[in-house]
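The values are calculated or read from the model by the stated rules, or taken from the named source; none is laboratory data. It should be emphasised that the depicted structure is a prediction, and the values quoted were computed from it without experimental measurement. Here the Cβ positions follow ideal geometry from the backbone for every residue, glycine too, while neighbour counts run over all protein chains shown. When the accessible area is computed, the model is the full protein with side chains, heavy atoms only, and any ligands, DNA or RNA have been set aside. Shrake-Rupley method; radii C 1.70, N 1.55, O 1.52, S 1.80 Å.
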Amino acid sequence: MPAPAAASGLRALLRGLRRDRWAQASAAVIVLFALAAVAAPLLSALEGQDPYTYHTELLDRANGTGAGVLGGISGDHWFGVEPLTGRDLFAIVVHGARTSFLIGLAATLVSAVIGVLLGAAAGYLGGRWDTVVSRATDVLLGFPQLIFMISLGAVAPAAIPRPVLLIVVIGLFGWPRVARVIRAQTLSLRDRDFVRAAKALGAGPGHVFRRELLPNLWAPVIVLATVSIPEKIGMEAALSFLGVGIAPPTPSWGRSISDAIGWVKTDPMFLIFPGAALFVATLAFNLLGDGLRDVLDPKTGVRR
């Protein structure tokens, strides 16, 4: 039996977003950042630079910043150069977008897959399984996640690729919120008429779970994922800022911001460009998530 209203629900979601100009603008910004991340090598090649080459000859010998206007901004270096190394800042920012988006999207995918499967199974099966999942969710939500991530990042073997480590750790700590929402949604769906009809026709639990429940959970999953992505990007930036995230010389917005703190007075552009990129990207995801939430739950929406 096909899941009712799943496709029509997505169409209604898209129609609602067409009436929200802020959500449309946010989606456009996210697409631009995603394209910049995918085309980072092409964009830096278009400028004629890369994020790894040192240009110490472009530095001011007096203070170590880029010689010239605003940290060395020029036709060859659109955002200037990094203090002490002379690496091109534009190339660092666009390649940093690739790092941040990869970790944010992959960690969100890990959280969403685990959270949806555990939350939906807990809501549908109930009983002891529901109790186990609910208690595990409560424990992880109350766990000092950031402290654990910092500790793990400090002691993890260097042989483990740092992006993979961040994706796994951030993703594993992100599933409880997804599971809690999906469990509540599943509880409201399991007694609906179309689920009862599938059971009456002899459908087993696996069939009902795959064909009736999961397709009707896509809308809240999309909202949760959209809201979770900026959180994951911010977490990667925070860990890199604290020195336990992406290791140099791999470009990362968080580590660039961390390095730029000591140069605010002498070279503020070193902080402004990666900081603005992180701020705009996370703001766009949050505004898009708000727009999706308003469409799916008009009672909480605010007319814009």
Under Karplus coefficients 6.51, -1.76 and 1.60, residue-wise ³J(HN,Hα) of the stretch 223-230 in Hz, glycine/proline x: 5, 4, 5, 5, 6, 6, 4, x
So what does residue 131 come to for accessible area, using a 1.4 Å probe and Å² rounded to 10? 70 Å²
If one compares the long axis through the Cα atoms of helix 269-296 with the longest principal axis of the Cα atoms of the chain, the angle in degrees, nearest 10, works out at 20 degrees
To the nearest 10 degrees, how steeply does helix 6-18 sit against the main Cα axis of the chain, on a 0 to 90 scale? 40 degrees
Can you give me the Cα centroid spacing of the stretch 48-63 and the stretch 85-107 in angstrom? 18 Å
Among 260-273, 92-105, how do they line up by average Cβ neighbours within 10 Å per residue, starting with the highest? 92-105, 260-273
Please list the non-local residues whose amide H lies under 5 Å from the amide H of residue 66, H modeled 1.01 Å from N, same-chain partners needing a gap of 5 or more. 60, 81
Roughly how big is the chain's charge dipole about its Cα centre, with Cβ charges of +1 (Lys, Arg) and -1 (Asp, Glu), in debye to the nearest 20? 1580 debye
Rough spin-label spacing in nm, given labels placed 7 Å along Cα→Cβ, for residue 125 and residue 19: 4.1 nm
Can you give me the relative contact order of the chain as a percent, contacts being Cα pairs under 8 Å and 6 or more apart? 26 percent
As an exercise, use a Förster radius of 25 Å and the Cβ-Cβ distance of residue 139 and residue 168 to find the FRET efficiency, rounded to the nearest 0.05. 0.85
Cα gyration tensor, the stretch 1-157 - rounded (a/c under 1.5), prolate or oblate: oblate
With an 8 Å Cα cut-off and a minimum separation of 6 or more residues, compute the relative contact order for the stretch 147-290 in percent. 24 percent
Kindly state, to the nearest 0.05, the FRET efficiency for residue 276 paired with residue 56, given R0 = 25 Å and r defined as their beta-carbon distance. 0.45
In this structure, the FRET efficiency calculated for residue 188 and residue 158 from their beta-carbon separation, with R0 = 41 Å, to the nearest 0.05, is 0.30
A student applying the Cα gyration tensor rule (rounded when a/c is under 1.5; otherwise prolate if a/b is larger than b/c, oblate if not) would label the stretch 210-304 oblate
Cβ neighbours within 10 Å, averaged per peptide: list 23-34, 177-188, 150-161 in order, most packed at the top. 177-188, 23-34, 150-161
Using a simple charge model, +1 on the beta-carbon of Lys and Arg, -1 on the beta-carbon of Asp and Glu, nothing else, what dipole does the stretch 179-302 show about its Cα centre, in debye to the nearest 20? 600 debye
Cα lying deepest toward the dipole's positive end in the chain, options 66, 167, 218, charges on Cβ: 218
